[in-house]
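These notes are about the structure you will find just below.
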Amino acid sequence: MRVKVLVSVGLVLWAWSGVPVFAQQEQLKFMSKTDTGITFSGLDEAASSCGITKAGLDAAVRLPMSRHGFNPLFESVMHPTLFQVSVNVIRRTNIRDCIVTLSLRVNRILSIPENGHLVWGVTWRAGDLIGGNPMGMGRRVTNSLENLTNELIAAWMIDNPQ
């Protein structure tokens, strides 16, 4: 019964959050390695109680990217390319578990209309659904985000051969 409830809650959370089952790549050809920003969302009390921290998420994105020459500016949205990390966490204290949806997206400015408002579009995205005991959940989430970041870098390298 517990497994059915956990799977059901996880599927509802996944559907609600919009995290895709697969990675989606539109086009990374024009993504600059240096003129990029990074933002984090969903870091609330439930995330904290499951051991998920901004520092851990930042390291999971920034370290693999810096090894490949990317230099995203922390918490900056004033760049043509924006890496967006989102977590949604449900902490169920009565049965001691956490359910986490994780999403990594690359947004780009598609146009600047005459009114001056930026029009953003998602050019790549991937996600994961992680559940289980809160002990070690932060580590599992950062490992997953690091894997998603490596997938992003691989997709960029395919679109931008040296």
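Rounded to whole numbers, the Karplus 3J(HN,Hα) couplings from phi for the range 43-59 are 7, 10, 4, 5, 4, 4, 5, 9, x, 9, 10, 5, 4, x, 5, 4, 5 Hz, using 6.51 cos²θ - 1.76 cosθ + 1.60 with θ = phi - 60°, and x at Gly and Pro.
Footprinting exposure proxy ranking of F70, F40, fewest other C-beta atoms within 10 angstrom first, gives F40, F70. Basic side chains Lys and Arg get +1 at the Cβ, acidic Asp and Glu get -1 at the Cβ, and with that the dipole of the range 83-152 about its Cα centre reaches some 280 debye.
A short reminder: the numbers here are calculations on the coordinates, not readings from a lab. Quantities reported herein were computed from a predicted structural model and do not represent experimental measurements. Here the Cβ is made from the backbone with ideal geometry for all residues, glycine too, and neighbour counts use every protein chain on show.
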